[in-house]
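Below: the structure, in structure tokens.
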Amino acid sequence: MVLPEPIRSRQHPLVRRLRALKARASSELALLEGVKLVEEALAAGVELAEAAVAPSLRGSERGQRLLQSLAARDVSVRVLGEELLASLSEVETSQGVLALARRPSFREDQLYRGPAPLVLVAVGVQNPGNLGGLLRTAEAAGASGAYLATGCADPFSWKALRGSMGSAFRLPQWRGLESEEALRRVHQRGLLTLAADAHGEAAYDQLDLRGPAALVVGAEGAGLPEALARAVAHRVRIPMHGAAESLNVGVAAGGLLFEAARQRRAWPLLPLV
């Protein structure tokens, strides 16, 4: 693939679009950085509007394959000077590629895939890196989807995408509901609801999590509002040693989600005859 001469002006329209998206997310587009994230977007079928690459991207086989994939999808590829592209990067060493992606959309019923949905309900998780990490953990544990209630960070913001490493493209999610409404909907679907609580009545591995279930998590520090915590069916504790009083939201959610995955793998529910 023959690339044109690099763009070097900071006032070029493409550079201005990239800088604007870096500063403030768009309702239609997401800014992707790095070979891995662009590869994940392409593999997930996400539509890329355009891409900006550094000349050095052609210097590796992986970079050449990525350029071929972009060309096969008819993605417009522009070349930026190495220093110019690096100035737009959030990481210390740029990987030589940025892309503008159309945000994927999901239907709410996709959150309830399979005979035993496992749904994450995130409430007020404002740190984009934490939210991205939660989505990545949820997908890895086999969750079917996530409600991102009002007050959560944008899952397609720059930092959240880096935290999710592509999971935001694949894990069905539904945004914009108030937390009480999101909880009402999982109850309406018959899901068992639980939340981590250092003073919970049962240990996290004492509940049967093989059936449809929803894990409700709150923001770092503040946790779940008390009224919402009272509305879940079970508050469960994760036993801890030493003087530690609590776990961060990502670790607590990971423990519960992977406990559900362990139970489902070890003792799957038998189908009704």
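Just so it is clear, none of the values below were taken in a lab; they were calculated from the coordinates. Since this is a predicted model, take the numbers as computed values, not measurements. Using ideal geometry, Cβ is built from the backbone for each residue, glycine included, and neighbour counts are taken over all protein chains shown.
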In debye, nearest 20: dipole of the chain around its Cα centre with unit charges on the Cβ of K, R (+) and D, E (-)?
520
With label points built 7 Å along Cα→Cβ from the Cα atoms of VAL251 and ARG73, find their separation and express it in nm.
3.6
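Tell me the relative contact order for the stretch 13-102 as a rounded percent, counting alpha carbon contacts under 8 Å between residues six or more apart.
Working: 123 pairs, mean separation 40.2, N = 90.
Averaging sequence separation for qualifying contacts and normalising by length gives 45 percent for the stretch 13-102.
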Once normalised by the length of the stretch 108-266, the mean sequence separation of its alpha carbon contacts under 8 Å that are 6 or more apart gives a contact order in percent of 27
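When DSSP beta bridges are limited to those with both residues in the stretch 108-266, what percentage is antiparallel, rounded to the nearest 5? Walk me through the numbers before you get to the answer.
Values: 1 of 21 bridges.
Around 5 percent of the beta bridges assigned by DSSP in the stretch 108-266 are antiparallel ones.
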In 10 Å bins starting at 0, how do the alpha-carbon pair distances of the stretch 13-102 split up by percent?
17, 57, 25, 1
Net charge dipole size for the stretch 138-240 [Lys, Arg +1 and Asp, Glu -1 on Cβ; Debye, nearest 20]
280
Quickly work out the GLN188-to-GLU61 label distance, labels modelled 7 Å from Cα along the C-beta direction, and quote it in nm with one decimal.
5.3
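Computed FRET efficiency, Cβ-Cβ of ALA140 and ARG102, R0 22 Å: what is it to the nearest 0.05?
Values: r = 25 Å, r/R0 = 1.13.
Calculated transfer efficiency: 0.30.
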Amide H of GLY124 versus every other amide H placed in the peptide plane: which residues, excluding those fewer than 5 positions away on the same chain, fall under 5 Å?
ALA149, CYS152
Could you tell me what percent of the DSSP beta bridges with both partners in the chain are antiparallel, to the nearest 5?
30
Can you pull the one-decimal nm distance between simple spin-label points at GLN11 and THR93, each 7 Å off the Cα toward Cβ?
3.5
From DSSP H assignment alone, runs of 4+ in the chain each adding -39500 (n - 2.57), the sum over residues rounded to the nearest 500 puts [θ] at 222 nm at -10000 deg cm²/dmol
Restricting to the stretch 13-102, what percent of DSSP beta bridges are antiparallel, rounded to 5?
70
What number, in percent, do you get for the relative contact order of the chain if the mean sequence gap of Cα pairs under 8 Å and at least 6 apart is divided by its residue count?
18
Given the options ALA203, ALA25, ALA227, which has the most mean-square fluctuation in a GNM of the chain, springs set between C-alpha atoms less than 10 angstrom apart?
ALA227
What's the Cα-based Rg to Rh of the stretch 131-181, Rh via Kirkwood?
0.95
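Near GLY145, within a Cβ-to-Cβ distance under 13 Å, what is the net charge of the other residues, with Lys and Arg +1 and Asp and Glu -1? If you can, show how the numbers build up before the last one.
Numbers: positive: ARG107, ARG113, ARG170, ARG175, ARG185, ARG189; negative: GLU108, ASP109, GLU139.
Charge balance in the 13 Å sphere: +3.
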In whole angstrom, the spacing between the Cα centers of the stretch 101-139 and the stretch 214-253 equals 18
